[in-house]
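The values are calculated or read from the model by the stated rules, or taken from the named source; none is laboratory data. Small disclaimer: the values here were computed from a predicted structure and weren't measured. As a convention, Cβ positions derive from the backbone with ideal geometry for all residues, glycine included, and neighbour counts pool all protein chains shown.
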Amino acid sequence: MSKSAQKILDTAEHLFNQHSFSGVGVDLIRDLSGCSKTTMYTYYSNKQQLVVQVLKARDLKFRQSLSTCVQGHDKLDAIHKIYDWHMDWFQTDTFKGCLFIRAVAESTAQDQAFVEIAQQHKSWIKNLIHQQVTSFKHADEITELTYNFLEALISRFLVEGFDLAQAEQNKALLDKLIKCLIDE
């Protein structure tokens, strides 16, 4: 990918994350990326295509980061790593909730590609969790529990702000529930 195309993509991701998809126009993206209109449309023929590429790039970043995070870990240790990765993300200055959920919420009937990318992203995370616990009794239930905890905490910490005590309490609760399922 050329430097110009990457700059446009990075600028768009930042703006969509900080504001919204519908609230950010291509002119603002073009202006802040420092590219001409011709350059912008050479790489991205329309806003919908740009959103698709932003979501794909973000998905790839998350996949790479989470895969690296769990590398060399398995079972409950890997679940802790996934949980901690999310807690670290929630504390960043750029955390504004889930960009994939926002894309679906703002999508129209013509934006089915947004929904499909979001579904693939969420499915991948769920599968990553499942891969770590396949040897456990009740692996499907542990996967659902962990996935639902993380998804809920995305909303909670977006609305309430990150609270370390709550994060630690929820981690301990998740651990307790998983251990109950394992020991059952």
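Figures for the structure shown
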quantity: Of the criteria (1) closer than 24 Å to Leu15 by Cβ; (2) touching a residue at least 60 places away in the same chain (Cβ under 8 Å); (3) part of a helix (DSSP H, G or I), which one Lys96 fails; calculated: (3)
quantity: Complete set of residues in region 47-82 that are β-branched (Val, Ile, Thr), touching a helix residue (DSSP H, G or I) at 6+ places or on another chain (Cβ under 6 Å) and more than 20 Å from Thr143 (Cβ to Cβ); calculated: Val52, Val54
quantity: Inter-residue pairs, beta-carbon under 6 Å, first closer than 18 Å to Met87 by Cα and among the charged types (D, E, K, R) and in region 166-184, second assigned to a helix (DSSP H, G or I) and modelled with pLDDT of 95 or more, 6+ apart; calculated: Lys171/Tyr83
quantity: Test for Leu60: is it free of Cβ contacts under 8 Å to residues at least 60 places away in the same chain, within 22 Å of the chain's Cα centre (by Cα) and in the same structural domain as Trp89 (by TED's automatic domain parsing); calculated: yes
quantity: Filtered residues of region 146-176 (kept if touching a helix residue (DSSP H, G or I) at 6+ places or on another chain (Cβ under 6 Å) and assigned to a helix (DSSP H, G or I)); calculated: Thr146, Tyr147, Phe149, Leu150, Phe157, Ala167, Lys171, Leu174
quantity: One residue from His130, His138 being on the phi > 0 side of the Ramachandran plot, at pLDDT 95 or above and not aromatic (Phe, Trp, Tyr); calculated: His138
quantity: Any chance Gln120 is out of contact with any helix residue (DSSP H, G or I) (no Cβ under 8 Å at 6 or more places or on another chain) and at pLDDT 95 or above; calculated: no
quantity: Count - residues of region 69-83 that are part of a helix (DSSP H, G or I) and either at positive phi or touching a residue at least 60 places away in the same chain (Cβ under 8 Å) (or both); calculated: 7
quantity: Region 101-125 - residue that is under 12 Å from the mean Cα position of the chain (by Cα) and without any contact (Cβ under 8 Å) to a residue 40 or more places away in the chain and, of those, nearest to Phe62 (Cα to Cα); calculated: Lys122
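So that you can scan it fast, the table gives a plain yes or no per residue for (1) exposed (fewer than 13 other Cβ atoms within 10 Å of the Cβ); (2) of a type in the set (Val, Ile, Thr):
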{"residue": "Gln110", "(1), (2)": "yes, no"}
{"residue": "Ser123", "(1), (2)": "yes, no"}
{"residue": "Val133", "(1), (2)": "no, yes"}
{"residue": "Leu150", "(1), (2)": "no, no"}
{"residue": "Leu158", "(1), (2)": "no, no"}
{"residue": "Leu164", "(1), (2)": "yes, no"}
{"residue": "Ala167", "(1), (2)": "no, no"}
{"residue": "Asp175", "(1), (2)": "no, no"}
